[in-house]
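Trainee: Right, I'll just put the structure down here and ask away after.
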Amino acid sequence: MNTSSPARIFNRLSFGTLRQWHWVSSAVCLVGMVLFAFTGITLNHAGDIEAQPVTTTLEVELTEGLLKTLHSRSEGPLPLAVRQWLLQEHGINTPATAAEWDGSELYLGMPKPGGDAWLSIELDSGYLIYENTERGVISYLNDLHKGRNTGTAWSWFIDIFSVLCLVFSLSGLWLLVRYAQQRPGTWPMVALGVVIPLLIIILSVH
């Protein structure tokens with residue numbers, strides 16, 4: 001005869017589910033937490049980490065056909081024909097975002113994590129200048145941490161990752177509650193995790 005009460009069965013199921021949520025969220029967040037912890041250190045010491053930017057410059061003239069294509073419009077992104085020519089002839093991948101047209105010149109900024117790029121075209125002569133700057137892996141990872149110029153997909157990833165970190169942290173807190181009686185040092189350690197940052201903020205952050 002089963003003597004387990006419904007409350008005890010529910011408690012066991014809830015506890016088992018909680019542990020599953022905790023380890024699954026920790027497994028999914030593992031690489032992300034390592035990345036964000038590492039880039040937290042590199043951002044905090046950004047002034048001490050020397051970057052060695054590498055800049056590539058291209059100066060070229062557009063063909064008459066491409067120049068006529070540009071003259072046929074005065075706003076919006078680069079024409080597809082120009083974008084395909086840049087990619088096929090020079091390996092430059094340009095986004096389909098709106099450029100700046102001022103009547104005599106076209107300017108397209110292409111910011112990206114860990115670097116920057118831009119191009120300018122004189123609409124009278126078809127003279128094109130392209131410049132691409134790469135600031136290195138650390139700068140790239142720092143920009144991923146900040147979500148700088150990373151696009152919509154990475155922004156969504158950061159939001160989902162943050163929710164999973166909350167699940168991991170809150171389920172861990174509940175597990176601490178469950179095991180606190182067996183581990184007397186639980187709440188003093190939790191209190192330290194609250195008091196230490198508060199003291200630092202109060203005493204040294206102005």
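FYI, it's all coordinate maths here, none of it is from the lab. Everything quoted here is computed from the prediction, not taken from an experiment. Methodologically, a virtual Cβ is constructed for each residue, glycine included, from the backbone with ideal geometry; neighbour enumeration extends over all protein chains shown.
Trainee: Where does each of Lys146, Lys112 land when they are ranked from fewest to most other beta-carbon atoms within 10 angstrom?
Mentor: Lys146, Lys112
Trainee: Same structure, new question: Taking Cα Rg over 2.2 N^0.38 Å straight from the coordinates, which label in (1) 1.03; (2) 1.63; (3) 0.97 is the correct one?
Mentor: So the structure-derived entry is (2).
Trainee: Same structure again: Each residue of region 61-73 in turn: what ³J(HN,Hα) in whole Hz from Karplus with 6.51, -1.76, 1.60 and θ = phi - 60°, glycine and Pro shown as x?
Mentor: Result, rounded to whole Hz: 10, 6, 6, 4, x, 5, 5, 5, 4, 5, 5, 7, 9.
Trainee: How do 40-52, 113-125 rank on mean C-beta neighbours within 10 Å, highest first?
Mentor: Numbers: 40-52: 10.5, 113-125: 17.3.
Descending mean neighbour count gives 113-125, 40-52.
Trainee: Sticking with this structure for a sec: Can you tell me how much longer the chain between Val60 and Leu166 gets when fully stretched, taken as 0.36 nm per residue apart minus their C-alpha distance, in nm with one decimal? Present the calculation step by step, with values, prior to reporting the outcome.
Mentor: Details: separation 106, 0.36 × 106 = 38.16 nm, distance 5.15 nm.
Between Val60 and Leu166, full extension yields an extra 33.0 nm.
Trainee: Follow-up. Could you identify which residue out of Ser72, Ser26, Ser171 has the top mean-square fluctuation in a GNM of the chain using Cα springs shorter than 10 Å?
Mentor: It is Ser72.
Trainee: With θ set to phi - 60° and the Karplus curve 6.51 cos²θ - 1.76 cosθ + 1.60, what are the ³J(HN,Hα) couplings of region 170-175 in order, to the nearest whole Hz, using x for Gly and Pro?
Mentor: For region 170-175, the Karplus-derived couplings read 6, 5, x, 4, 5, 5 Hz, x marking Gly and Pro.
Trainee: Moving on to the next point. Tell me, what is the FRET efficiency for Ser72 and Thr133 to the nearest 0.05, using R0 = 35 angstrom and their Cβ-Cβ distance as r?
Mentor: Numbers: r = 31 Å, r/R0 = 0.90.
It comes out at approximately 0.65.
Trainee: For labels at Leu173 and Ala37 in the simple 7 Å Cα→Cβ model, what's the distance in nm?
Mentor: 2.0 nm
Trainee: Below 8 Å between Cα atoms, with a sequence gap of 6+, how large is the relative contact order for the chain in percent? Walk me through the numbers on the way to the answer.
Mentor: Numbers: 209 pairs, mean separation 46.7, N = 206.
Relative contact order of the chain: 23 percent.
Trainee: Per residue of region 139-148, in order, report the coupling 6.51 cos²θ - 1.76 cosθ + 1.60 (Karplus, θ = phi - 60°) as ³J(HN,Hα) in whole Hz, putting x for Gly and Pro.
Mentor: In residue order, the calculated couplings are 4, 4, 5, 4, 5, 4, 4, 7, x, 7 Hz.
Trainee: Convert 25 °C to kelvin, take the viscosity as 0.890 mPa s, use the Kirkwood radius over C-alpha pairs of region 113-206 as Rh, and evaluate the Stokes-Einstein diffusion coefficient in µm²/s, rounded to a whole number.
Mentor: Numbers: Rh = 18.3 Å.
Rounded, D is 134 µm²/s.
Trainee: Can you give the FRET efficiency for Leu87 and Phe157, using 1/(1 + (r/R0)^6), R0 = 25 Å, r = Cβ-Cβ distance, to the nearest 0.05?
Mentor: Working: r = 27 Å, r/R0 = 1.07.
Result of the calculation: an efficiency of 0.40.
Trainee: In degrees, nearest 10, range 0 to 90: what is the angle between the Cα axis of helix 80-90 and the longest Cα principal axis of the chain?
Mentor: Rounded to the nearest ten degrees, it is 90.
Trainee: Another one. Report, to the nearest 10°, how far helix 6-44 tilts away from the longest principal axis of the Cα atoms in the chain, using its own Cα long axis and a range of 0 to 90°.
Mentor: Between the helix axis and the principal axis of the chain, the angle is about 40 degrees.
Trainee: A further question on this structure: Counting pairs of Cα atoms in region 53-163, how many percent are more than 23 Å apart?
Mentor: Numbers: 2233 of 6105 pairs.
Everything past 23 Å amounts to 37 percent.
Trainee: Which cross-chain or sequence-distant (5 or more) residues have an amide H under 5 Å from the amide H of Glu105, H modelled 1.01 Å from N in plane?
Mentor: Leu123
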